[in-house]
Amino acid sequence: MTNTQKHTDFYDNEGKPAWKAWLTTTDHKRIGLLYFYSLTVFFLVGVLLGLMMRFELISPGKDLVEAQTYNGLFTLHGVIMIFLFVIPGIPAVFGNLTLPLLLGARDVAFPKLNLLSWYLYIGGAILALSTLLVGDGPPDTGWTFYAPYSVKTGTNVSMAVLSAFILGFSSILTGLNFLTTIHRMRCPGMTWFRMPLFAWALYATSWIQLLATPVVGITLLMIVVERWLGIGLFDPVLGGDPVLYQHLFWIYSHPAVYIMILPGMGVISEIIPTFSRRRIFGYKAIAYASLAIAFIGYFVWGHHMFTAGMSGPARIIFSVLTFLVAIPSAIKVFNWLATMYNGSIDLKPPMLYALGFIFLFLIGGLSGLVVGALATDVHLHDTYFVVGHFHYVMFGGTGFAFFAALHYWFPKIFGRMYNIKHATRAFWLLFTGFNVLYFPMLVLGIMGMPRRYYDYLPQFQIPNVISTVGSWITVAGLIYMIVVIVKGIRNGEKAAANPWNGLTLDWQTDSPPTKENFDVIPTVTERPYEYK
Amino acid sequence: MVEQKPHIVEYLTNIYVWIALATLTIITIWVSEFDLKLLTVTVALGVASIKATLVLMYFMHLRFDSKILTIMVLVTMIVFLSLIVFTFFDYSYRS
């Protein structure tokens, strides 16, 4: 069914000045784009900080910055990348851009709340970045703000913590909005099991946003209370318990890993069947796996604390639960591979990024099992192995899924097409750079190099040099990709409404869509991936 | 789109619930006069849970809405309880 009568698209300002039309918009697509441009800016700031860290580590001793500056660099790199890019990333940008389209709805359930979420995001982001410029310098605690150091340090921890608190509200409101949208605004005929898998992934993610984020909000406020009022919550000198802080922090921050990765898995579930021209293998299994990951993901936070003084029985239970969460993740990977089997695979850039995701997420996931096991974690905890593992999951997983989503929905959002040849080359450059950058970190961790150290022993130099060279290749790949995307937005060829021949409802309307998405609300009669 | 059926709770029902909540509040205050030792917190939380259930069922219309909403609230409760249980499980085994 098509729904593509020509009307003015959603870029039309309807006679308002452009700044007013954009800053007061309640259109989910415009809000998605507001998120997209803001996230891109913060992502590039985060990349720049990461690049500086890698340059500093090219050889032992001082190369670029002082030790204290290095502490600030890795803290801000973490805060910006996690709270400003990876957590909001796919839901805020591509969830906003496509969820109502995928559901056959005209907008999200609470459009004004949606705009408020973006303003809260920008407010939190400005506060986070201002820690660089005001007061006693950027926080130096790492993005985890571990107590009691975060209570004692003289740097701008309170401001950074408050920014994370505000960003948390933005996340909660987006989750609430998507949950209500999915429950209440599906078009006629769209039963739960006719819903696209990206919507399922956003549904599971929204639950985590709604239930886990308040915990970290309160925890971070407790840090501020302890710093300002001297109430002993986490500092042992004041009668507090630092391990309690770690419990409370990870009760949110581990499920937050699934806020980061689940929407990425949803993107991959859209791309694989479209570019394999095959019905997705195990639709229900993938949908249930999203819910299972979200649910089990609540109960594995203790694996961050195996060496922090937690009791023995608790460590065993958290280790077992950690292994359990690998099962639904593996179900998804096997189902994607089974979908591709005997398919007519088209290696366009979205599919390349999706395959890149599977490869990198596999390394990230399997290296996660190594640190999820009690015995090996004792050796690897707080080493560079963890940094490598984390980046394989977060950048190789969520980051590549973000780029996959960008290349997949690009013609839908902008109504134009990027240069496929150059986008393909940018992918290979980025993919190569990524592995040269992060694989040596896994090796360095096994060799015993600690994370978050400004200096290191001479025997760690060769992998560090390789990794730093990898960071340059990665940045070259990113720049190449950005140039391709910007050129596509400005001068790309006009795209057809459905250039990938997708079957979900987002492809059954204009590119770019009209303000209200559909002329007539569609009726769904079958599952979303019935490729013949 | 999902059909929404408006439901109006009778005034009398709301008044009964309000009386029940007020009575339970009085019970909470009255019980606090006694030294129940370990049971003190259990009783206070028990009464508070009954009050919360009444608010959810009648004032927030959970009783009259779709069953899926009740399931969602229960899942939330289970997750919340599990977080507390797991955290205190660690503390109970610390040497």
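The values are calculated or read from the model by the stated rules, or taken from the named source; none is laboratory data. Predicted model only: the values in this text are computed from it and were never measured. Methodologically, a virtual Cβ is constructed for each residue, glycine included, from the backbone with ideal geometry; neighbour enumeration extends over all protein chains shown. Surface accessibility is based on the protein's heavy atoms, side chains included, excluding ligands, DNA and RNA. Shrake-Rupley method; radii C 1.70, N 1.55, O 1.52, S 1.80 Å.
Computed quantities for the displayed model
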quantity	calculated
Among the candidates A:Thr25, A:Thr8, residue that is open to solvent by less than 70 Å² (accessible area, probe 1.4 Å) and hydroxyl-bearing (Ser, Thr, Tyr)	A:Thr25
Odd one out for A:Gly302, checked against (1) within 14 Å of chain B (Cβ to nearest Cβ); (2) part of a loop (DSSP other than H, G, I, E, B); (3) touching a Lys or Arg at 6+ places or on another chain (Cβ under 8 Å)	(2)
Residue check for A:Thr424: touching a Leu at 6+ places or on another chain (Cβ under 7 Å), of a type in the set (Val, Ile, Thr), at pLDDT 95 or above and closer than 30 Å to A:Leu99 by Cα	yes
When residues of region B:76-86 are limited to those that are within 20 Å of A:Thr322 (Cα to Cα) and more than 9 Å from chain A (Cβ to nearest Cβ), the one surrounded by the most Cβ atoms within 10 Å (Cβ to Cβ)	B:Ile78
Candidate set from region A:437-459 (those that are within 25 Å of the chain's Cα centre (by Cα) and of a type in the set (D, E, K, R)); member that is farthest from A:Phe145 (Cα to Cα)	A:Arg451
Matching entry among A:Trp200, A:Trp207, A:Trp192 (being within 13 Å of chain B (Cβ to nearest Cβ) and buried (at least 21 other Cβ atoms within 10 Å of the Cβ))	A:Trp207
Complete set of residues in region A:354-381 that are open to solvent by 30 Å² or more (accessible area, probe 1.4 Å) and hydroxyl-bearing (Ser, Thr, Tyr)	A:Thr376
Lone unmet requirement of (1) under 24 Å from the mean Cα position of the chain (by Cα); (2) without any contact (Cβ under 8 Å) to a residue 40 or more places away in the chain; (3) more than 21 Å from A:Ile87 (Cα to Cα) for A:Ser311	(1)
Count of region B:23-46 residues which are within 25 Å of B:Thr70 (Cβ to Cβ), of a type in the set (A, V, I, L, M, F, W, C) and at pLDDT 95 or above	1
Residue within region A:483-502 that is among the aromatic types (Phe, Trp, Tyr), buried (at least 17 other Cβ atoms within 10 Å of the Cβ), within 30 Å of A:Pro196 (Cβ to Cβ) and touching a residue at least 40 places away in the same chain (Cβ under 8 Å) present	yes
Residue satisfying condition, being within 14 Å of chain B (Cβ to nearest Cβ) and either in contact (Cβ under 8 Å) with a residue 40 or more places away in the chain or open to solvent by 20 Å² or more (accessible area, probe 1.4 Å) (or both), within set A:Ile166, A:Ile87, A:Ile182	A:Ile182
Among (1) within 19 Å of A:Val387 (Cα to Cα); (2) open to solvent by less than 50 Å² (accessible area, probe 1.4 Å), the one test that A:Met52 misses	(2)
Failed criterion for A:Met310 (all others in (1) within 13 Å of chain B (Cβ to nearest Cβ); (2) open to solvent by 10 Å² or more (accessible area, probe 1.4 Å) hold)	(2)
All positions within region A:238-279 that are open to solvent by 10 Å² or more (accessible area, probe 1.4 Å) and either at pLDDT 95 or above or among the basic types (Lys, Arg) (or both)	A:Arg277, A:Arg278, A:Arg279
Qualifying residue in region A:225-234 (condition: within 21 Å of the chain's Cα centre (by Cα), closer than 24 Å to A:Leu120 by Cβ and away from chain B (no Cβ under 12 Å))	no
Residue match in region A:259-269 (condition: touching a residue at least 40 places away in the same chain (Cβ under 8 Å), of a type in the set (Ser, Thr, Tyr) and away from every other protein chain (no Cβ under 14 Å))	yes
Residue count for region B:43-68, restricted to those that are under 15 Å from the mean Cα position of the chain (by Cα) and part of a helix (DSSP H, G or I)	17
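For every residue, the table says whether it meets (1) away from every other protein chain (no Cβ under 13 Å); (2) out of contact with any Gly (no Cβ under 9 Å at 6 or more places or on another chain); (3) open to solvent by 50 Å² or more (accessible area, probe 1.4 Å).
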residue: B:Leu36; (1), (2), (3): yes, yes, yes
residue: B:Ala44; (1), (2), (3): yes, yes, no
residue: B:Ser49; (1), (2), (3): yes, yes, yes
residue: B:His61; (1), (2), (3): yes, yes, yes
residue: B:Ile71; (1), (2), (3): no, yes, yes
residue: B:Leu74; (1), (2), (3): no, yes, yes
residue: B:Phe88; (1), (2), (3): no, yes, yes
residue: B:Tyr91; (1), (2), (3): no, yes, yes
